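Peer 1: Here it is, the structure, as structure tokens.
The values are calculated or read from the model by the stated rules, or taken from the named source; none is laboratory data. Values in this document were obtained by computation on a predicted structure and should not be read as measured data. Please note: Cβ atoms are built from the backbone with ideal geometry, for glycine as well, and neighbour counts cover all protein chains shown.
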Amino acid sequence: MRSPRTTAAAVAAAAVVALFGLVFAFRAADAPRKLPPAPPAARDDPTPPRPTLPPSSTAAGASTPRYDEKVQYKPTPLPDRVILTWKGDPARSQAVTWRTDTTVKAAIAQVAVAGGGPGFEPGWRGYDAKKVSKIAARTERLKSAINEALYHSVNFEGLTPKTRYVYRVGDGSNWSEWFQFETASDKPDDFGFIYFGDAQNGIRSLWSRVARGAYSDMPKAKFIVHAGDLVDSGGSDTQWGEWHAAAGWINGMVPSVPTPGNHEYGGKVTPHWRAQFTLPENGPPGQEEYCYYFDYQGVRVISLHSNEKLTEQAKWVEAVLADNPCRWTVVTFHHPIYSPVAGRDNKAVREAWRAVFDRAPKTVDLVLQGHDHTYARSSLMREDNTLSGTQLQTERGTVYVVSVSGAKLYSAADRTWMVRKGSGLQLYQLIRVSGDRLSYESKGASGDLYDAFELSKRDDGGNDLIEREMSLPPESEGGPEPPPAAAAVAGGDRGVRDPCAVIAAAAILALVALAVGWAVRGR
């Protein structure tokens with residue numbers, strides 16, 4: 001038979017074990033719950049699976065099936081995907097491309113100098129057939145996984161600089177609406193343009209807000225730069241349909257300046273590219289409509305194809321920079337010279353092109369890039385270094401920008417070259433050129449200003465960089481956000497305990513005290 005002291009010791013030991021177990025349970029409850037692993041932040045994933053959408057209900061309670069993309073993006077005799085680009089001189093030409101089904105036998109475009117009335121269409125007051133030009137289109141066939149379509153293009157030539165024109169496209173019976181554009185001046189003049197990083201994901205549902213917001217802020221933009229990865233899968237006609245639908249008629253009014261990204265490239269650029277974009281063919285052999293340049297009102301704009309043949313393009317762009325009559329130079333390509341994301345580095349691009357930019361007779365003022373799904377911007381840089389001190393007054397440097405406009409967002413790391421960075425934001429950029437000043441603004445999808453600076457051109461061709469003084473919003477955290485319920489669990493709620501757990505803890509403490517007292521009495 002056990003003595004009282006032995007029994008008391010056993011009770012005390014059991015109570016202590018129970019107390020430790022309760023403490024461990026409390027700590028486990030306070031610890032963040034382990035969430036499913038997030039997708040890696042520094043990888044360009046293949047086309048993600050479509051999210052499962054909750055079925056909508058009809059009055060009878062039945063589910064509505066998802067609308068068939070083959071039907072949604074089916075071409076018809078009516079022109080769609082109308083988009084302006086340039087093939088030649090923006091002061092004297094304008095290219096347009098559009099799509100129809102394969103029943104169209106002879107596609108055409110009409111163009112006229114814009115007037116205040118409807119006199120460019122038959123049947124309306126003031127119509128004069130002599131004032132409307134008709135041009136036969138060049139047509140090519142493109143077969144995708146969901147359809148077969150014809151893509152038509154016309155390059156309006158012999159236009160007058162700084163003049164507004166109206167145009168429409170069709171087949172003589174089925175017409176688009178009339179669009180309007182304005183040719184560039186043939187002299188340096190003030191203007192603005194829009195720059196987008198990767199659209200790529202959530203194009204129709206989420207990127208559309210960014211595209212339309214940018215246009216609302218700069219409705220007189222003269223062109224739109226797309227720094228690659230316009231879509232996630234370059235061969236997907238569905239995604240191209242989303243891209244054209246997201247910007248809609250804006251594409252038919254404001255010329256696009258696209259450069260190919262890795263998601264338009266898979267050993268070669270997708271056939272959709274040259275079918276739907278009519279671009280300059282002044283690049284190196286084999287790089288027509290990928291690598292090109294044009295001059296717009298005192299600015300030389302250069303597109304490079306960062307997926308391939310970097311050395312060949314380096315020789316070409318060196319010559320283009322050496323024979324440059326413009327005061328300002330803007331270069332765009334997809335893969336950044338300096339990456340803002342941990343684990344990413346486009347060393348081959350940097351080694352091929354950075355030194356070419358540095359030794360150009362005239363400064364490469366601005367380099368606009370994409371790919372890394374974050375925001376990052378440098379100060380004036382030269383030879384991989386940020387200029388400082390007396391260098392700012394004596395040397396010429398380049399500002400490098402990485403941006404993203406679509407919904408796939410990564411986290412920016414800390415890099416010494418960055419003066420401004422951001423994660424978790426869809427952004428658009430508005431760039432204005434006025435004489436010896438270039439102003440730059442980056443805005444979030446909501447329209448809030450995120451970054452801004454100005455470049456002031458010096459007599460030696462270099463720039464002084466002036467950071468805009470303002471109260472900037474804080475940087476957003478990047479990466480996938482947990483759902484609200486999981487976030488609440490992960491954060492913990494240390495101020496509230498389960499009442500039953502509190503009662504159990506009190507009971508165990510009472511048992512410990514009783515056992516100790518019993519043991520003392522049993523001595």
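Peer 1: Strands (runs of 3 or more DSSP E) wholly in the stretch 372-427 with at least 1 residues that are of a type in the set (Lys, Arg) - which ones?
Peer 2: 375-378, 418-422
Peer 1: So which of VAL104, VAL111 is in contact (Cβ under 8 Å) with a residue 60 or more places away in the chain and assigned by TED's automatic domain parsing to the domain that holds TYR167?
Peer 2: VAL104
Peer 1: If I filter the stretch 112-124 for residues that are of a type outside the set (Ser, Thr, Tyr), surrounded by 15 or more Cβ atoms within 10 Å (Cβ to Cβ) and closer than 22 Å to SER256 by Cα, do I get at least one hit?
Peer 2: Yes, there is a match, as at least one residue in the stretch 112-124 is of a type outside the set (Ser, Thr, Tyr), surrounded by 15 or more Cβ atoms within 10 Å (Cβ to Cβ) and closer than 22 Å to SER256 by Cα.
Peer 1: How many residues, within the stretch 331-348, are of a type in the set (A, V, I, L, M) and crowded, with 23+ Cβ neighbours inside 10 Å?
Peer 2: 3
Peer 1: In contact with a helix residue (DSSP H, G or I) (Cβ under 8 Å, 6 or more places away or on another chain), modelled with pLDDT of 95 or more and at negative phi: does that describe VAL104?
Peer 2: no
Peer 1: To continue, here is another question. Wholly within the stretch 291-343, which strands (runs of 3 or more DSSP E) include no fewer than the required count, namely at least 2 residues that are within 25 Å of ARG420 (Cβ to Cβ), under 20 Å from the mean Cα position of the chain (by Cα) and assigned by TED's automatic domain parsing to the domain that holds ALA227?
Peer 2: In the stretch 291-343, the matching strands (runs of 3 or more DSSP E) lie at 299-303, 328-332.
Peer 1: Condition first: over 27 Å from the mean Cα position of the chain (by Cα), among the hydroxyl-bearing types (Ser, Thr, Tyr) and under 26 Å from ILE224 (Cβ atoms). Now tell me which residues in the stretch 83-123 satisfy that.
Peer 2: SER93, THR100, listed by residue number.
Peer 1: For ASP459, only one of the following conditions fails: (1) outside any strand (DSSP E or B); (2) touching a residue at least 60 places away in the same chain (Cβ under 8 Å). What is its number?
Peer 2: Only one criterion is unmet by ASP459, namely (2).
Peer 1: Continuing with the same structure: Restricting attention to the stretch 128-136, does a residue exist that is in a loop (DSSP other than H, G, I, E, B), touching a strand residue (DSSP E or B) at 6+ places or on another chain (Cβ under 6 Å) and outside the structural domain of HIS373 (by TED's automatic domain parsing)?
Peer 2: Within the stretch 128-136, one or more residues are in a loop (DSSP other than H, G, I, E, B), touching a strand residue (DSSP E or B) at 6+ places or on another chain (Cβ under 6 Å) and outside the structural domain of HIS373 (by TED's automatic domain parsing).
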